[in-house]
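Asker: Handing you this structure, nothing more for now.
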Amino acid sequence: MNFIDIINKKRLNKELTTEEIYYFIDRIGKAPDYQFSALMMAICLNGMTHREIADLTGAMLYSGDIIDLTAIEGVKVDKHSTGGVADTTTLVLAPLAASCGLPVVKMSGRGLGHTGGTLDKLESIPGFNISLTQEEAVKQVNDMGVVIMGQTGKLCPADGYLYKLRDVTGTVQSIPLIASSIMSKKLAAGTDAIVLDVKCGSGAFMKSLDDARALAAEMVEIGKKLKRSVTAIITDMNQPLGNNIGNTLEVIEAAEILKGNLKGDLYEVSLTLGSEMLVLGGIAESTEKAREMLDENIKNGKGLAKFKELIVRQGGSPYVLDDYSRFKQPKLSKEIYLDEGYVHAFDTEAVGRASAALGAGRTSYDMPIDYSAGIVVNYRIGDKYDKTAPFAVMYSDDKDKIKDAEEIFTEAVTIGAEKCDKINPVIEVIR
Ligand code: URA
């Protein structure tokens with residue numbers, strides 16, 4: 001078998017055999033990056049059949065270890081987002097669901113393309129360690145109920161490699177590649193049930209509802225074949241989910257929700273996903289009951305306490321949540337004013353790129369991140385903007401970066417004279 005023949009076959013839009021798919025995944029670490037880049041682009045352009053996607057998921061799943069979580073009692077539920085902007089739900093719901101008694105083993109990723117990553121956000125907390133062994137993770141969940149960690153080199157190394165490569169080769173946006181990437185990781189992580197947050201809209205990899213439904217159906221199908229319960233929730237990404245975009249800024253917004261100081265779309269999506277997790281985990285008999293439990297643990301402070309406990313357990317400083325000035329501070333800030341009117345639309349992908357341009361994301365492999373960089377957006381679709389306050393505030397250490405980001409951001413917002421409706425952040429649930 002020959003890698004170049006496989007690339008050519010996919011370029012000609014032909015179906016790869018099971019053997020060819022297992023062969024090219026096995027070439028990781030042996031064949032050069034450029035051959036994988038070419039193949040990823042051919043898959044992006046020509047797609048894959050359901051059978052090819054299932055084979056690709058299997059090949060990536062078996063490229064490394066499969067975690068054994070049987071030492072943790074109860075139904076282990078994981079959650080994964082297909083990627084968005086200001087999408088900080090994990091930092092809200094992992095500790096919150098754990099505070100309700102659900103064992104949460106959360107394997108997270110770094111930023112990808114214009115989207116943020118939970119690991120980068122957590123690493124903005126001084127000292128926070130995302131590299132745990134399987135034994136350490138199991139012990140932590142048994143001791144205190146929750147772990148959020150990176151993919152170890154041994155877990156789905158094929159996805160680890162391809163994820164990094166796709167980030168810098170314009171090959172993220174593909175249903176087969178996203179479905180196999182997410183499901184191989186989730187299945188290797190050894191949880192019993194998975195809640196998927198499938199983002200849809202201008203800031204998502206899936207721009208249309210049809211594509212989001214197709215991605216959700218593909219992942220639910222893969223889960224069924226491998227005997228895991230999977231619930232997919234399609235949520236809106238036509239505007240940043242929270243108001244804060246950027247690593248430290250997003251940790252602060254999650255803390256504000258856990259303190260009970262903030263509601264809004266990020267709160268709403270977090271509680272919707274968390275409710276599904278509690279039901280799948282057998283902690284609550286209905287999503288209504290689950291929501292009450294989650295809300296109660298925001299009011300009584302148990303969710304925030306669990307977040308602090310998680311931070312301490314993973315080597316970080318919990319003091320940052322009480323005193324945000326203990327985070328690394330940006331050297332510069334700039335208030336952004338736009339024309340008056342009603343907020344009609346965001347090109348949310350461009351907003352994510354503006355945040356990356358400030359230093360919050362990567363444009364090449366292993367590029368360092370400025371944790372304090374980012375944007376606070378003060379208005380949402382449907383709001384009236386009258387210039388009495390800045391529309392947004394940008395933070396960075398570099399004035400040229402602010403200039404570039406401002407250009408991208410101002411182009412990304414559409415303001416019109418006519419009133420327009422607010423957007424419901426939860427679109428549909430596929431069980
Ligand atoms: N999240 C993933 O884990 N993989 C993708 O390909 C996209 C989003």
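The values are calculated or read from the model by the stated rules, or taken from the named source; none is laboratory data. Note that this is a predicted model, so its numbers are computed, not measured. Here the Cβ is made from the backbone with ideal geometry for all residues, glycine too, and neighbour counts use every protein chain on show. Each accessible area value is taken on the protein alone, full model and side chains, heavy atoms only, with ligands, DNA and RNA left out. Shrake-Rupley method; radii C 1.70, N 1.55, O 1.52, S 1.80 Å.
Asker: Let's see if you can work this out: charge +1 on each Lys and Arg Cβ, -1 on each Asp and Glu Cβ, no other charges. What is the dipole magnitude of the chain about its Cα centre, in debye to the nearest 20?
Answerer: 580 debye
Asker: Applying 1/(1 + (r/R0)^6) with R0 = 22 Å to the Cβ-Cβ distance of Arg380 and Leu209, what FRET efficiency is obtained, to the nearest 0.05?
Answerer: Calculated transfer efficiency: 0.65.
Asker: As a test, work out the antiparallel percent of DSSP beta bridges whose residues both lie in the chain, rounded to the nearest 5.
Answerer: Approximately 50 percent, going by the DSSP bridge assignments.
Asker: Given the chain reduced to its alpha-carbon atoms as identical point scatterers, what log10 I(q)/I(0) does the Debye formula return at q = 0.08 Å⁻¹?
Answerer: With no solvent term, the Cα-only Debye profile gives -0.42.
Asker: Further question: May I ask which residue of Ile28, Met367, Ser81 lies farthest towards the positive end of the charge dipole of the chain, with charges of +1 (Lys, Arg) and -1 (Asp, Glu) on Cβ and the Cα centre as origin?
Answerer: Result: Ile28.
Asker: With a cut-off of at most 15 other beta carbons within 10 Å, and DSSP calling the residue loop, which chymotrypsin sites (Phe, Trp or Tyr not before Pro) in the stretch 309-406 qualify? Please list them.
Answerer: Those that pass, being in a loop and sparsely packed, are Tyr337, Tyr365.
Asker: Leaving out ligands and nucleic acids, note down the accessible area per residue over the stretch 280-395 with a 1.4 angstrom probe, in whole Å².
Answerer: It amounts to 48 Å² per residue over the stretch 280-395.
Asker: Count the net charge of all other residues whose Cβ sits under 10 Å from the Cβ of Ile53, scoring Lys and Arg as +1 and Asp and Glu as -1.
Answerer: -3
Asker: Work out the length of the dipole vector of the stretch 327-416 about its Cα centre, built from +1 on the beta-carbon of each Lys and Arg and -1 on the beta-carbon of each Asp and Glu, and round it to the nearest 20 debye.
Answerer: The dipole of the stretch 327-416 has a size of about 280 debye.
Asker: Quickly work out the Lys403-to-Lys14 label distance, labels modelled 7 Å from Cα along the C-beta direction, and quote it in nm with one decimal.
Answerer: Using points 7 Å along Cα→Cβ, the separation is 5.3 nm.
Asker: Computed FRET efficiency, Cβ-Cβ of Asp33 and Asn300, R0 35 Å: what is it to the nearest 0.05?
Answerer: My answer for the efficiency is 0.10.
Asker: Can I ask one more? Got a number for carbon plus sulfur as a percent of the chain's accessible area, 1.4 Å probe?
Answerer: Carbon plus sulfur share of accessible area: 50 percent.
Asker: Computed FRET efficiency, Cβ-Cβ of Tyr337 and Ser131, R0 41 Å: what is it to the nearest 0.05?
Answerer: 0.45
Asker: Tell me whether the stretch 3-47 comes out rounded, prolate or oblate; compute the Cα gyration tensor, take square roots of the eigenvalues as a ≥ b ≥ c, and use a/c under 1.5 as the rounded threshold.
Answerer: In terms of gyration-tensor shape, oblate.
Asker: Once you put a point 7 Å from the Cα of Glu221 and another 7 Å from the Cα of Ile4, both along the Cβ direction, what distance in nm separates them?
Answerer: The two pseudo-label positions are separated by 3.4 nm.
Asker: May I ask you to compute the full-extension gain from Thr410 to Ala71, defined as 0.36 nm times their residue separation minus their alpha-carbon distance, rounded to one decimal in nm?
Answerer: Full-extension gain reported as 116.9 nm.
Asker: Loop only by DSSP, 13 or fewer other Cβ within 10 Å of the Cβ. Give me the GluC sites (Glu not before Pro) in the stretch 18-111 that pass, ordered by residue number.
Answerer: Here the sparse-neighbourhood loop sites are Glu73.
Asker: When the chain is fully extended, how far beyond the present Cα-Cα distance does Thr49 get from Arg291, taking 0.36 nm per residue of separation?
Answerer: Computed gain between Thr49 and Arg291 is 83.3 nm.
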